Amino acid sequence: MRTKTKPIGLGVTFGMGADSVSKRAGIPLSEAEECIRLFCRAFPEMPKFWDRLTNTIKRARNDRHCKMVLPSGNYMLYRDIAYEGRGLMATVAKGDKFVRTRPWFGSMTENLASSLARDIIMDSMLRI
(Lines give C-alpha, C1' and ligand atoms only; values in the text may rest on other atoms or scores of the structure.)
Protein backbone atom coordinates (compact mmCIF):
# COMPACT_ATOMS: atom_id res chain seq x y z
CA MET A 1 0.00 0.00 0.00
CA ARG A 2 2.78 2.48 0.97
CA THR A 3 4.50 1.82 -2.36
CA LYS A 4 1.48 3.29 -4.16
CA THR A 5 0.31 5.96 -1.75
CA LYS A 6 3.64 7.68 -1.08
CA PRO A 7 4.36 8.65 -4.72
CA ILE A 8 0.72 9.74 -5.11
CA GLY A 9 0.75 11.93 -1.98
CA LEU A 10 4.16 13.44 -2.60
CA GLY A 11 3.61 13.74 -6.32
CA VAL A 12 0.36 15.64 -5.97
CA THR A 13 1.68 17.81 -3.13
CA PHE A 14 4.75 18.83 -5.12
CA GLY A 15 2.85 19.47 -8.33
CA MET A 16 3.31 16.40 -10.50
CA GLY A 17 0.80 15.93 -13.24
CA ALA A 18 -1.27 12.81 -13.78
CA ASP A 19 1.29 11.33 -16.22
CA SER A 20 4.10 11.49 -13.67
CA VAL A 21 1.94 10.27 -10.78
CA SER A 22 0.74 7.38 -12.95
CA LYS A 23 4.28 6.30 -13.82
CA ARG A 24 5.74 6.72 -10.32
CA ALA A 25 2.88 4.97 -8.54
CA GLY A 26 2.43 2.30 -11.21
CA ILE A 27 -1.27 3.07 -11.62
CA PRO A 28 -3.40 3.76 -14.70
CA LEU A 29 -3.57 7.37 -15.91
CA SER A 30 -7.30 7.56 -15.17
CA GLU A 31 -6.64 6.51 -11.55
CA ALA A 32 -3.90 9.15 -11.21
CA GLU A 33 -6.26 11.81 -12.57
CA GLU A 34 -8.89 10.74 -10.03
CA CYS A 35 -6.33 10.82 -7.19
CA ILE A 36 -5.35 14.39 -8.10
CA ARG A 37 -9.01 15.44 -8.31
CA LEU A 38 -9.76 13.87 -4.91
CA PHE A 39 -6.66 15.43 -3.36
CA CYS A 40 -7.62 18.91 -4.55
CA ARG A 41 -11.18 18.41 -3.30
CA ALA A 42 -9.99 17.12 0.10
CA PHE A 43 -7.33 19.84 0.49
CA PRO A 44 -8.69 22.89 -1.36
CA GLU A 45 -6.13 25.17 0.29
CA MET A 46 -3.22 23.46 -1.49
CA PRO A 47 -4.06 24.69 -5.01
CA LYS A 48 -4.63 28.17 -3.52
CA PHE A 49 -1.23 27.95 -1.82
CA TRP A 50 0.40 26.89 -5.11
CA ASP A 51 -1.22 29.86 -6.86
CA ARG A 52 0.07 32.22 -4.15
CA LEU A 53 3.61 30.88 -4.54
CA THR A 54 3.46 31.21 -8.31
CA ASN A 55 2.05 34.73 -8.15
CA THR A 56 4.64 35.75 -5.54
CA ILE A 57 7.55 34.75 -7.76
CA LYS A 58 5.94 36.34 -10.85
CA ARG A 59 5.42 39.64 -9.02
CA ALA A 60 8.99 39.50 -7.72
CA ARG A 61 10.41 39.59 -11.24
CA ASN A 62 10.00 43.38 -11.16
CA ASP A 63 12.44 43.55 -8.21
CA ARG A 64 14.39 40.58 -9.64
CA HIS A 65 14.55 38.97 -6.16
CA CYS A 66 12.12 37.08 -3.95
CA LYS A 67 12.95 36.48 -0.30
CA MET A 68 10.60 34.16 1.60
CA VAL A 69 11.21 34.60 5.33
CA LEU A 70 10.51 31.60 7.56
CA PRO A 71 9.20 31.91 11.15
CA SER A 72 12.76 31.22 12.42
CA GLY A 73 14.12 34.22 10.53
CA ASN A 74 15.89 31.98 8.00
CA TYR A 75 14.87 32.60 4.44
CA MET A 76 14.70 31.18 0.95
CA LEU A 77 16.08 33.51 -1.71
CA TYR A 78 15.30 33.44 -5.41
CA ARG A 79 17.67 35.87 -7.18
CA ASP A 80 17.94 37.35 -10.67
CA ILE A 81 14.34 36.48 -11.57
CA ALA A 82 13.68 37.01 -15.26
CA TYR A 83 11.87 35.55 -18.22
CA GLU A 84 14.30 33.55 -20.33
CA GLY A 85 13.26 31.60 -23.36
CA ARG A 86 10.02 29.79 -22.51
CA GLY A 87 9.64 30.78 -18.90
CA LEU A 88 10.58 32.40 -15.66
CA MET A 89 14.05 31.59 -14.30
CA ALA A 90 15.80 32.36 -11.01
CA THR A 91 19.12 31.72 -9.33
CA VAL A 92 18.91 29.60 -6.17
CA ALA A 93 21.40 28.13 -3.72
CA LYS A 94 22.02 24.40 -4.13
CA GLY A 95 24.49 23.26 -1.55
CA ASP A 96 27.49 25.57 -1.83
CA LYS A 97 26.70 26.62 -5.42
CA PHE A 98 24.18 28.88 -7.13
CA VAL A 99 22.26 27.49 -10.11
CA ARG A 100 19.71 28.81 -12.59
CA THR A 101 16.39 27.01 -12.35
CA ARG A 102 12.76 27.39 -13.30
CA PRO A 103 10.87 28.21 -10.08
CA TRP A 104 7.54 26.43 -10.13
CA PHE A 105 5.09 25.81 -7.33
CA GLY A 106 6.08 22.17 -6.86
CA SER A 107 9.77 22.81 -6.26
CA MET A 108 8.98 25.91 -4.19
CA THR A 109 6.58 23.88 -2.01
CA GLU A 110 9.21 21.17 -1.58
CA ASN A 111 11.91 23.72 -0.69
CA LEU A 112 9.62 25.48 1.76
CA ALA A 113 8.62 22.20 3.45
CA SER A 114 12.26 21.10 3.73
CA SER A 115 13.33 24.46 5.14
CA LEU A 116 10.55 24.48 7.71
CA ALA A 117 11.35 20.89 8.70
CA ARG A 118 15.01 21.83 9.17
CA ASP A 119 14.02 24.77 11.40
CA ILE A 120 11.71 22.58 13.50
CA ILE A 121 14.38 19.89 13.93
CA MET A 122 17.05 22.45 14.86
CA ASP A 123 14.72 24.12 17.36
CA SER A 124 13.93 20.73 18.92
CA MET A 125 17.62 19.80 19.13
CA LEU A 126 18.42 23.06 20.89
CA ARG A 127 15.74 22.32 23.48
CA ILE A 128 17.17 18.89 24.37
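For Ala42, which of the numbered conditions (1) without any contact (Cβ under 8 Å) to a residue 12 or more places away in the chain; (2) over 19 Å from the mean Cα position of the chain (by Cα) fails to hold?
(2)
Could you please find all residues in region 21-33 being in a helix (DSSP H, G or I) and either acidic (Asp, Glu) or surrounded by fewer than 16 Cβ atoms within 10 Å (Cβ to Cβ) (or both)?
First pass over region 21-33, keeping only residues in a helix (DSSP H, G or I): 21-25, 29-33.
Lys23, Leu29, Ser30, Glu31, Glu33, listed by residue number.
When region 71-85 is examined, which residues are found to be surrounded by 14 or more Cβ atoms within 10 Å (Cβ to Cβ) and under 18 Å from Phe105 (Cβ atoms)?
Met76, Leu77, Tyr78, Ile81
Among the numbered conditions (1) loosely packed, with under 14 Cβ neighbours inside 10 Å; (2) touching a residue at least 12 places away in the same chain (Cβ under 8 Å), tell me where Val12 comes up short.
Against the list (1) loosely packed, with under 14 Cβ neighbours inside 10 Å; (2) touching a residue at least 12 places away in the same chain (Cβ under 8 Å), Val12 comes up short only on (1).
Is it the case that some residue within region 101-112 is out of contact with any Leu (no Cβ under 7 Å at 6 or more places or on another chain), exposed (fewer than 13 other Cβ atoms within 10 Å of the Cβ) and on the phi < 0 side of the Ramachandran plot? Give the derivation first.
Taking region 101-112 as the starting set, the residues that turn out to be out of contact with any Leu (no Cβ under 7 Å at 6 or more places or on another chain) are 101, 104, 106-107, 110-112.
The next check asks that each one be exposed (fewer than 13 other Cβ atoms within 10 Å of the Cβ); those that pass are none.
Within region 101-112, none of the residues are out of contact with any Leu (no Cβ under 7 Å at 6 or more places or on another chain), exposed (fewer than 13 other Cβ atoms within 10 Å of the Cβ) and on the phi < 0 side of the Ramachandran plot.
Give Arg37, Arg100 a once-over and let me know the one that is in a strand (DSSP E or B) and modelled with pLDDT of 90 or more. Give the steps one after another, and end with the answer.
Working: Arg37 fails: in a strand (DSSP E or B).
Result: Arg100 is the single residue among Arg37, Arg100 that is in a strand (DSSP E or B) and modelled with pLDDT of 90 or more.
Testing Arg64 on (1) modelled with pLDDT under 85; (2) charged (D, E, K, R); (3) surrounded by 13 or more Cβ atoms within 10 Å (Cβ to Cβ), one condition comes back false. Which one is that?
It is condition (1) that Arg64 fails.
Which of the residues that make up region 80-93 are of a type outside the set (Val, Ile, Thr) and under 22 Å from Gly15 (Cβ atoms)?
Our first condition is that a residue be of a type outside the set (Val, Ile, Thr); within region 80-93, this holds for 80, 82-90, 93.
Selection gives Ala82, Tyr83, Glu84, Gly85, Arg86, Gly87, Leu88, Met89, Ala90, Ala93.
Tell me the residue from Arg52, Arg59 that is over 17 Å from the mean Cα position of the chain (by Cα) and assigned by TED's automatic domain parsing to the domain that holds Gly106, please.
Just a single option satisfies the conditions, and that option is Arg59.
The values are calculated or read from the model by the stated rules, or taken from the named source; none is laboratory data. It should be emphasised that the depicted structure is a prediction, and the values quoted were computed from it without experimental measurement. Ideal geometry is used to build each Cβ from the backbone, glycine not excepted, and the neighbour counts take in all protein chains shown.
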